[in-house]
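Questions regarding the structure given below will be posed in turn.
The values are calculated or read from the model by the stated rules, or taken from the named source; none is laboratory data. Fair warning: this is a prediction, and the values are worked out from it, not measured in the lab. Here the Cβ is made from the backbone with ideal geometry for all residues, glycine too, and neighbour counts use every protein chain on show. Keep in mind that these areas ignore ligands, DNA and RNA; they rest on the heavy atoms of the full protein, side chains included. Shrake-Rupley method; radii C 1.70, N 1.55, O 1.52, S 1.80 Å.
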Amino acid sequence: DIDEPHKISISCEVSLYLSISSCKVDAKLFDERATYGYSSIASISVPFLTDICSHFMEEYKTKLSLLTYQTPEAYEKVAKKEVDAAFVSSAQNVKNVTCTSIFRQDYFVARVCTSPEPVKQISTSQLNPAKELFQNWNDEYMLWHTSKFGNDNYLLQVDSCYTLKEFLSNPDYWTILPKGNLDELKKMIPLQVYELEDAPPARICYLLTNTY
């Protein structure tokens, strides 16, 4: 089952914390002797879940297992009850899995900059795809990206912000990334941030739990 996406007023971190807290799976009910298994795609785990899990373990005095799986694997693990819950960025109809939207993030353009100014406006028509460091955030994003820049016209494709940081030293290069990942990258390098005038649909984080 897939709950329709909805906007929420609380922060991404609070939303994730409440989602983890609500996953009292089977008879464990936060038994201090039990280990609770959670899965997350890397782009959600790094900016949000690591700190949240630390607070969660301290409050509930229980053990957590936080594993990284791609979206298809995450659905499979939840369906088979091999993990208690998972966080992904794509909604799918999978038997025995309930999919609930918990927060959404806007995308921004970023370039390295020694003296960043406040967030500026930019259009995709002002961006040269031959200078793009590309990340495929999800299927919905990919459809938007293809409509704006065509197929495979980017300079380089990467799959993590840590890899991205190594290539983003040239101020002519640019990238598009969600707010949470942008904030992580800004901790490592100075960035000029741009708000897209013709932005892609917001990226939604979904909570997966076993229906039964």
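Return yes or no: is Ser123 more than 27 Å from Ser40 (Cα to Cα), modelled with pLDDT of 90 or more, of a type outside the set (Val, Ile, Thr) and open to solvent by less than 70 Å² (accessible area, probe 1.4 Å)? Steps first, please.
Working: more than 27 Å from Ser40 (Cα to Cα): yes; modelled with pLDDT of 90 or more: yes; of a type outside the set (Val, Ile, Thr): yes; open to solvent by less than 70 Å² (accessible area, probe 1.4 Å): yes.
Judged against the criteria, Ser123 is a match.
Mind listing whichever residues of the stretch 133-183 are touching a helix residue (DSSP H, G or I) at 6+ places or on another chain (Cβ under 7 Å) and open to solvent by 50 Å² or more (accessible area, probe 1.4 Å)?
Asn136, Lys148, Asn153, Tyr154, Leu155, Leu156, Lys165, Asp172, Tyr173, Asp183
Pick out, from the stretch 49-125, the strands (runs of 3 or more DSSP E) lying fully within it that include 3 or more residues that are in contact (Cβ under 8 Å) with a residue 40 or more places away in the chain and within 19 Å of the chain's Cα centre (by Cα).
Details: elements: 63-68, 85-88, 97-105, 107-112, 120-122.
Because the criterion is at least 3 residues that are in contact (Cβ under 8 Å) with a residue 40 or more places away in the chain and within 19 Å of the chain's Cα centre (by Cα), the strands (runs of 3 or more DSSP E) in the stretch 49-125 that meet it are 85-88, 97-105, 107-112.
Residue check: is Ala130 of a type in the set (Gly, Ala, Ser) and either open to solvent by 80 Å² or more (accessible area, probe 1.4 Å) or under 21 Å from the mean Cα position of the chain (by Cα) (or both)? Can you show your working first?
Working: of a type in the set (Gly, Ala, Ser): yes; either open to solvent by 80 Å² or more (accessible area, probe 1.4 Å) or under 21 Å from the mean Cα position of the chain (by Cα) (or both): no.
Spelling it out, it is not the case that Ala130 is of a type in the set (Gly, Ala, Ser) and either open to solvent by 80 Å² or more (accessible area, probe 1.4 Å) or under 21 Å from the mean Cα position of the chain (by Cα) (or both).
So, one more: Search the stretch 150-194 for residues being assigned to a loop (DSSP other than H, G, I, E, B) and within 13 Å of the chain's Cα centre (by Cα), and hand back the single one that is modelled with the lowest pLDDT.
Narrowing the stretch 150-194 to residues assigned to a loop (DSSP other than H, G, I, E, B): 150-155, 158-160, 168-173, 187-190.
Next cut, within 13 Å of the chain's Cα centre (by Cα) only: 159-160.
Details: Asp159: 86, Ser160: 82.
Top of the filtered list is Ser160.
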